[in-house]
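First the structure, in the form of structure tokens, and then the observations on it.
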Amino acid sequence: MRTKGLRGELAADTAIGAGNVLDRVLAHGADPHGPGLTFDTCVDGYPAERPLTLGQLDERVAARAAWLHERGIGRRDPVAVWATSAADMVLSFLALTRLGAIPALMNGRLRPEIAAEYIRRLRAVGVLADAAHTEALAGHDPGAPLLGQPAEAGTGDPATAPAPYRHHDEDPVVITHTSGTTGVPKAVLHSHASLFAATRHLLSMPQAQGTRRILNALPAPHTATVLMVNQALGNRAEMLLLSEQSGQRVLDAIQRWRPDGVFGFSVTWAELARFDLTGYDLDSVRLWFNTGDASHEPHVRRLVAVGSRDVVTRDGVTRVPGSVFIDGLGSSEMGHSMFHITHTTETNRYGRCVGRPYRFTRVAVLDPDGTELSPGQVGWLGIESPSLFRGYWNDSVTTHRSRLRGWYLTGDLVYADDEGRYYHLDRAVDSVDAGNGKRFYTALSEERILAACPDVTDCTVVMVAGGDGVVTDVLLELAAGADPDTDRTDAVRAALGDDVGATLRRVVPVRADDIPVTVTGKVRKVALRERYLTESPS
């Protein structure tokens, strides 16, 4: 089934891509008084959370494009953007791509020395940094001049902005970065066509419930936010973008703004699971959409128990209690989640199942030589998709190392069942070769512990292989009111199973702040392995 109207026209438009969605939506006759975007901070005199119409959004983007053009920024110029607010990130992206430049969006939580080195490696022609990050760069040499603050660019005259750049499919349109689990993050390049491939597919399909009024709780500098902004513009949907994604901030925004869909990463759902959600008004939410790391079963179950959704019955469409959670597996490099599985209160397929691939992609489970494995066999996840990134900016070595026999290797270990569903077991670097053909998985172990221990809201499993075999430590984040002195060792060992349970060294209650995380909230298991390898049991 193909959609008609504006969404269908956009899906069929060969000129549209990730770098010009705003311009093409207007060119196809979208109402300038219709929805643009809403930000949680003020924008050029517009107060926080006041919606910008499509026409106002275009004007604010044109003002920034004019300001940047006056400073010599043009096509193919990489410009680093380091800021905190979603408005600074998204408006800078839209303005720079309007000029044919290449925005390099940077997470505001990067350490200054890492940020400076990252910008140097970009060989950027300039840097846009807000006041806090301009100060943070003082004393560091990013190898590029500071152009000013992103909000300053809003003082440009939109009437003097050059005509929008005409993109080619392979034109670079954005550089985002990985989480940086081991140091300087990798710079991920997407093209005009690659970052729109998934959006084009979705626009050609009927619009899903929960995508008309969206709360974006994804990190603003991430590839996922660029994707969701373009999807919202193409769907003519309302979208509020949050600059900070803590659980309390998200819950407050849901109650205040009443979205029908909330988009985020698994770390946000884990934070929400720490709250008693029945104490919040979440009835407006029909859809929770997860991308990045796959989510854990107990977190999903808590979310689908609240909100409401539409179902088709003999009496027509009926609103029923309980929302929908769409899970999957994605990354900056993939350009969009590659898999999807839908959960409601009535579904029961968990166990790290990430579902089936989207129709625009091909996936395979591979052995180390790139040979495809049969269902049930665990191997490396290989992806082939038009949505894939175009390489790591200024790093051909790492780009080519990520390819094997035509497949992009994601670094994940998975298996498929006989019905074409895929199951994510772990990141390869976090798993452990236990010898004798056995491999142990941290993510799968965490899933099992959370499912077995209802007074645990989150957990981290650390496995280290040494001369005496594998040693496993389990770090538990307890629910409010849970007794930290309770010995949960037997319950955890039983959840892990005989093989992994035999390696268990200790079970330690921790606070969320005790766990080292990346700028996007992923647990830095490499740092934990280094820490727990050298520590003796307490």
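The values are calculated or read from the model by the stated rules, or taken from the named source; none is laboratory data. Every value quoted in this text rests on a predicted model; they were computed, and no experiment measured them. All Cβ positions, glycine included, derive from the backbone under ideal geometry; neighbour counts span all protein chains shown.
Please work out which one of (1) more than 18 Å from A104 (Cβ to Cβ); (2) in contact with a strand residue (DSSP E or B) (Cβ under 8 Å, 6 or more places away or on another chain) is the condition F275 fails and give its number.
Just one mismatch for F275, condition (2).
Considering only segment 249-261, I want to know if a residue exists there that is more than 26 Å from Y350 (Cα to Cα), part of a loop (DSSP other than H, G, I, E, B), of a type outside the set (F, W, Y) and not assigned by TED's automatic domain parsing to the domain that holds T53. Steps first, please.
Taking segment 249-261 and keeping what is more than 26 Å from Y350 (Cα to Cα), we get 249, 252-259.
Checking which are part of a loop (DSSP other than H, G, I, E, B) leaves us with 258-259.
Cutting the leftovers down to of a type outside the set (F, W, Y) gives us 258-259.
Then drop every residue that is not not assigned by TED's automatic domain parsing to the domain that holds T53, which leaves 258-259.
Yes, there is a match, as at least one residue in segment 249-261 is more than 26 Å from Y350 (Cα to Cα), part of a loop (DSSP other than H, G, I, E, B), of a type outside the set (F, W, Y) and not assigned by TED's automatic domain parsing to the domain that holds T53.
V397 fails exactly one of the following numbered conditions: (1) over 30 Å from P185 (Cβ atoms); (2) surrounded by fewer than 17 Cβ atoms within 10 Å (Cβ to Cβ); (3) β-branched (V, I, T). What is the number of that condition?
Of the numbered conditions (1) over 30 Å from P185 (Cβ atoms); (2) surrounded by fewer than 17 Cβ atoms within 10 Å (Cβ to Cβ); (3) β-branched (V, I, T), the odd one out for V397 is (1).
Starting from segment 70-85, keep only residues that are in the same structural domain as L128 (by TED's automatic domain parsing), then list their pairs with residues that are surrounded by fewer than 14 Cβ atoms within 10 Å (Cβ to Cβ) whose Cβ atoms are within a distance under 8 Å, requiring at least 6 positions of separation or different chains.
E70/T160; P78/R123; T84/A132
Which of the residues belonging to segment 96-116 are farther than 26 Å from P158 by Cβ and either basic (K, R) or not assigned by TED's automatic domain parsing to the domain that holds A153 (or both)?
Correct list: R109, R111.
Test each condition in (1) surrounded by fewer than 21 Cβ atoms within 10 Å (Cβ to Cβ); (2) among the aliphatic types (A, V, I, L, M); (3) within 19 Å of the chain's Cα centre (by Cα) for M338 and report the one that comes out false.
(1)
Can we say I119 is within 19 Å of V188 (Cβ to Cβ), crowded, with 24+ Cβ neighbours inside 10 Å and either in contact (Cβ under 8 Å) with a residue 60 or more places away in the chain or assigned by TED's automatic domain parsing to the domain that holds I175 (or both)? Give the steps one after another, and end with the answer.
Numbers: within 19 Å of V188 (Cβ to Cβ): yes; crowded, with 24+ Cβ neighbours inside 10 Å: yes; either in contact (Cβ under 8 Å) with a residue 60 or more places away in the chain or assigned by TED's automatic domain parsing to the domain that holds I175 (or both): yes.
Yes: the conditions hold for I119.
Among the residues of segment 145-157, count how many are more than 26 Å from the chain's Cα centre (by Cα) and either within 16 Å of F93 (Cα to Cα) or crowded, with 19+ Cβ neighbours inside 10 Å (or both). Break it down into steps so the answer makes sense when it comes.
The first filter runs over segment 145-157 and keeps only residues more than 26 Å from the chain's Cα centre (by Cα), leaving 145-148, 152-157.
Narrowing the set further to residues that are either within 16 Å of F93 (Cα to Cα) or crowded, with 19+ Cβ neighbours inside 10 Å (or both) leaves 147-148, 152-154, 156.
Summing the residues that are more than 26 Å from the chain's Cα centre (by Cα) and either within 16 Å of F93 (Cα to Cα) or crowded, with 19+ Cβ neighbours inside 10 Å (or both) in segment 145-157 gives 6.
Test A101 against the criterion of being closer than 29 Å to A27 by Cβ, among the aliphatic types (A, V, I, L, M) and in contact with a strand residue (DSSP E or B) (Cβ under 6 Å, 6 or more places away or on another chain), and give yes or no.
It is true that A101 is closer than 29 Å to A27 by Cβ, among the aliphatic types (A, V, I, L, M) and in contact with a strand residue (DSSP E or B) (Cβ under 6 Å, 6 or more places away or on another chain).
Across segment 125-147, which residue is nearest to H69 (Cα to Cα) among those that are out of contact with any strand residue (DSSP E or B) (no Cβ under 7 Å at 6 or more places or on another chain) and not in a loop (DSSP other than H, G, I, E, B)?
Looking at the filtered set, the residue picked out is A131.
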